[in-house]
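The structure appears below as structure tokens.
Each value in this text was obtained by applying a stated rule to the coordinates, not by laboratory testing. All values derive from a computational prediction rather than experimental measurement. Note: ideal-geometry Cβ built from the backbone for every residue, glycine included; neighbour counts use all protein chains shown.
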Amino acid sequence: MVEIESLKKWIELYGEKVTENKEHLNQLDSDIGDGDHGSNLTRGAAAVKEKVSESEYENLSDFFKDIGMTLVSKVGGASGPLYGSAFISMAKQAKESDDLAVLLEAGLDGIQKRGKAEAGEKTMVDEWIPVVEALKENNLTNKVIEDSLQKTKDMKATKGRASYLGDRSIGHIDPGAQSSAYLFESLLEAGVLNG
Amino acid sequence: MVEIESLKKWIELYGEKVTENKEHLNQLDSDIGDGDHGSNLTRGAAAVKEKVSESEYENLSDFFKDIGMTLVSKVGGASGPLYGSAFISMAKQAKESDDLAVLLEAGLDGIQKRGKAEAGEKTMVDEWIPVVEALKENNLTNKVIEDSLQKTKDMKATKGRASYLGDRSIGHIDPGAQSSAYLFESLLEAGVLNG
Amino acid sequence: MGKEIGMLVVSHVNDIANGLSKLLDQVAQDVTIKAIGGTEDGEVGTDYARIQEAMDSFEEDKVWAFYDLGSAKMNLEMAMESSDKEVRLFDTAFIESAYTAASLIQAAVGEDAIVTQLDELKIKE
Amino acid sequence: MGKEIGMLVVSHVNDIANGLSKLLDQVAQDVTIKAIGGTEDGEVGTDYARIQEAMDSFEEDKVWAFYDLGSAKMNLEMAMESSDKEVRLFDTAFIESAYTAASLIQAAVGEDAIVTQLDELKIKE
Ligand SMILES: Nc1ncnc2c1ncn2[C@@H]1O[C@H](COP(=O)(O)OP(=O)(O)O)[C@@H](O)[C@H]1O
Ligand SMILES: Nc1ncnc2c1ncn2[C@@H]1O[C@H](COP(=O)(O)OP(=O)(O)O)[C@@H](O)[C@H]1O
Ligand SMILES: [Mg+2]
Ligand SMILES: [Mg+2]
Ligand SMILES: [Mg+2]
Ligand SMILES: [Mg+2]
């Protein structure tokens, strides 16, 4: 069972991380995409921060929904509808469950429904799948997060802008997997799992 | 053998005809294209008039070349490179012949080389082919010109913008065939053939 | 005289969207064409809110949507999920297929015939 | 760091050309991209003189050309006939293939591999 306060902390930390690492995310994206992933998410994080700080939430669902809609509207890149769909899907799931593994699995479903990417296509999905697995087994660690991230390096992109590069996408970490890694690191740091 | 003075008269009359019939050509083009054929050629005709009036020509070739290059540069639509190629091709031919049938046949070759249209594709080519044939046999008449024009009505466009309309292009006169008809009517009126 | 089908063209760049709309207006005076491009602040990207709003603002019940790159498609699909319109999304060459569709809708060609012609321009999954 | 191949994109509309160039610059900072659109006086159409001039002004010997509709192609072909450049003309989906080409030239992918990939986007005769 998760508490709204720790989740707020989670999202706050995530926003800080993408903002601090904006240039790093842009760099990763400029290697295999258009170089805006950090800028996109920083813009999204600022909007989420403003939105969330204005509101009092009585339930998880409303909290997630606000985040999702804000990301969809403000991010501007593919990661907008993708992260947005994750949180909107979590908002729906939160009406039935407050188990974090169940919620994040719904988030992953939302991403896959929107982007149609499977495992191994070098997208954020390759970060989400192992993390959701680990959460289910109650052993999410920074190592799980970091290992999955590194694995995207050898993959060939077949979805998103990086797929235009074909084989040339190999050898680079996927920017969306990196930002998702920040999301899950923040989850550990915020202590949501100790709740 | 043709005289430069009568050819100047020809081109002048042609310019007047497309200018007077600008709206009609635009209307034909708006039925099966983008509605600018009259405006395109009127712009081209004005530029040709200016260019030609500024120059003294010692040979046919230079005269045709100036017309061709001006049309290419000023017309803006497909008819620019097409009429332009006709006159440029005639300019080359004029170095070897001053027989009008031979010259116009070279013009037709220029159009076909540029636009790759064959007979029956509902383009200006369907006006040029019968006219060149008639010239060769020394019997170009207004009837030949008008009959060829009317025949484009039942054709289905398979080249140029009108080809996007598929079957819907049937039942309309081709605008480029109409402007070519003006070109050949002007030829008769200017008395080039009686020279 | 309006047409049954409206057209929504979505690009990552505002100039491309506006320019395309200029190209289409020339051949489809009676077709409602809405063009959305770029992010809210004029950057390269797509803007869900404006796409959603444009989609819902058609008088026509049927809306045909065209896009340049994949993330525009995701936004269009999100918008479709919450729209009352009967939206059809084309995975076809952006400029060329929008031009073809506009010409044919203007010429009142039947829907099925247009779709068949557009199928030849399919280049996205 | 420049690239061996320059890109020339030609549209019937100035805004489309400029917008496309903005989209491409984002993924291909080191590729020379020249965009020409519309007629001399800003109308819908193509302008031979500017196309010719742009083609000849590349520092690169190789120029890859992309266009939206057929009459742009005719102007490009005329320009090619009097140009010293080694120009390659692509009958592919305009925006999508220019985007693909720009990404791959930037990534220094070999010419043949790029052409193979672009072939899949061929939609014009
Ligand atoms: N179809 C997809 N499914 C899942 N993730 C995707 C998909 N397309 C792109 N992504 C993710 O989005 C990231 C890029 O996001 P961003 O740079 O914000 O968008 P854009 O590519 O539109 O500029 C990629 O690194 C990848 O992780
Ligand atoms: N490939 C071609 N070969 C021969 N003639 C053509 C071709 N394409 C177009 N045309 C002619 O050009 C005319 C249209 O000219 P215009 O309206 O000035 O150009 P655009 O279609 O670019 O607006 C057509 O009516 C047709 O006669
Ligand atoms: Mg990006
Ligand atoms: Mg982007
Ligand atoms: Mg026209
Ligand atoms: Mg035109």
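Please report, largest first and rounded to whole Å, the three semi-axes of the ellipsoid equivalent to chain B, where each semi-axis is the square root of five times an eigenvalue of the C-alpha gyration tensor.
Numbers: eigenvalues 127, 65, 43 Å².
They are 25, 18, 15 Å, listed from largest to smallest.
Between C:Glu81 and the same site in the other copies, what are the distances in nm, shortest first, taking label points 7 Å from Cα along the C-beta direction?
Going from nearest to farthest copy, the values are 5.5 nm.
Determine the alpha carbon to alpha carbon distance for each of C:Lys22/D:Lys22; A:Lys113/A:Lys136; B:Lys159/D:Lys3; B:Lys17/B:Lys51; A:Lys9/A:Lys92 and list only those over 25 Å. Walk me through the intermediate numbers first.
Values: C:Lys22/D:Lys22 18 Å; A:Lys113/A:Lys136 21 Å; B:Lys159/D:Lys3 36 Å; B:Lys17/B:Lys51 18 Å; A:Lys9/A:Lys92 21 Å.
From the list (C:Lys22/D:Lys22; A:Lys113/A:Lys136; B:Lys159/D:Lys3; B:Lys17/B:Lys51; A:Lys9/A:Lys92), the Cα-Cα distance tops 25 Å for B:Lys159/D:Lys3.
Whose amide H sits under 5 Å from the amide H of C:Gly37, counting only residues 5 or more places off or on another chain, with H placed in the peptide plane?
C:Ser11
With charges set only on the Cβ (+1 for Lys and Arg, -1 for Asp and Glu), what does the dipole of chain A come to about its Cα centre, in debye to the nearest 20?
Details: 23 positive and 34 negative charges, 130 e Å.
Dipole size: approximately 620 debye.
Return the distance in nm (one decimal) between the two label points of a simple spin-label model at A:Asp167 and B:Asn194, each offset 7 Å from Cα along Cα→Cβ.
7.4 nm
How far, in degrees from 0 to 90, does helix A:60-74 lean away from the longest principal axis of the Cα atoms of chain A, to the nearest 10?
40 degrees
State to the nearest 20 debye the size of the charge dipole of chain C about its Cα centre, where the only charges are +1 on K and R beta carbons and -1 on D and E beta carbons. It would help to have the intermediate numbers written out before the result.
Details: 10 positive and 25 negative charges, 54 e Å.
Its charge dipole is roughly 260 debye.
Can you give the local net charge around D:Leu118? Use residues other than it whose beta-carbon is closer than 11 angstrom to its beta-carbon, Lys and Arg +1, Asp and Glu -1.
Numbers: positive: D:Arg88, D:Lys122; negative: D:Asp91, D:Glu96, D:Glu111, D:Asp112, D:Asp119, D:Glu120.
Taking every other residue near D:Leu118 into account, the sum is -4.
Note the distances from A:Glu58 to each other copy's matching label point, with points 7 Å along the Cα-to-beta-carbon direction, in nm, sorted shortest first.
Copy-to-copy label distances at A:Glu58, shortest first: 9.7 nm.
What is the set of long-range amide H partners of D:Trp64 at a cut-off below 5 Å, with H atoms built 1.01 Å from backbone N?
Correct list: D:Gly6, D:Met7, D:Leu8, D:Arg88.
By count of other Cβ within 10 Å, fewest leading, how are B:Ser30, D:Ser57 ordered? Each step should come with its number before you reach the end.
Values: B:Ser30 19, D:Ser57 13.
Ranking B:Ser30, D:Ser57 by Cβ neighbours within 10 Å, fewest first, gives D:Ser57, B:Ser30.
For the rotation that brings chain C onto chain D, whose beta-carbon in chain C is nearest the axis, and what is that distance in whole angstrom?
Here the nearest residue and distance are C:Ala93, 2.
Pick out, in residue order, every one of the GluC sites (Glu not before Pro) in region B:45-104 that is DSSP loop and has at most 12 other C-beta atoms within 10 Å; say none if there are none. Mind dumping the intermediate values first?
Details: sites: B:Glu50, B:Glu54, B:Glu56, B:Glu58, B:Glu96; in loops: B:Glu56, B:Glu58, B:Glu96.
When the GluC sites (Glu not before Pro) of region B:45-104 are filtered for loop state and at most 12 Cβ neighbours within 10 Å, B:Glu56, B:Glu58, B:Glu96 remain.
About the Cα centre of the protein assembly as shown, what is the dipole size in debye to 20, counting +1 per Lys and Arg Cβ and -1 per Asp and Glu Cβ, all else neutral?
Values: 66 positive and 118 negative charges, 71 e Å.
Using Cβ point charges on Lys, Arg, Asp and Glu, the protein assembly as shown gives about 340 debye.
Mind pulling the angle between the C-alpha long axis of helix D:94-106 and the longest principal axis of chain D? Nearest 10 degrees, somewhere in 0 to 90.
With both axes taken from Cα atoms, the answer is about 40 degrees.
Once the Cα gyration tensor of chain D is diagonalised, what are the square roots of 5 times its eigenvalues, in whole Å and ordered largest first, as equivalent ellipsoid semi-axes? Before the final figure, lay out the partial values.
Numbers: eigenvalues 85, 46, 42 Å².
Its equivalent ellipsoid spans semi-axes of 21, 15, 14 Å.
Working out 0.36 nm times the residue gap between D:Glu40 and D:Glu81, then minus their Cα-Cα distance, what length gain in nm do you get to one decimal?
Additional length available on full extension: 12.6 nm.
To one decimal in nm, how far is A:Gly191 from the same spot in the other copies, if labels go 7 Å from Cα toward Cβ? Please give the shortest first.
Nearest to farthest, the other copies are at 10.7 nm.
Compute the FRET efficiency between A:Thr158 and D:Asp30 as 1/(1 + (r/R0)^6), taking r as their Cβ-Cβ distance and R0 = 25 Å, and round to the nearest 0.05. If you can, show how the numbers build up before the last one.
On the way: r = 25 Å, r/R0 = 1.01.
Once the sixth-power term is evaluated, E becomes 0.50.
Using only the Cα atoms of the protein assembly as shown, what are the Rg and Dmax in Å?
Rg, Dmax (Cα atoms, Å): 29.3, 103.
Helix B:22-32: angle to the longest alpha-carbon principal axis of chain B, degrees 0 to 90, nearest 10?
Long axis of B:22-32 versus the principal axis of chain B: about 40 degrees.
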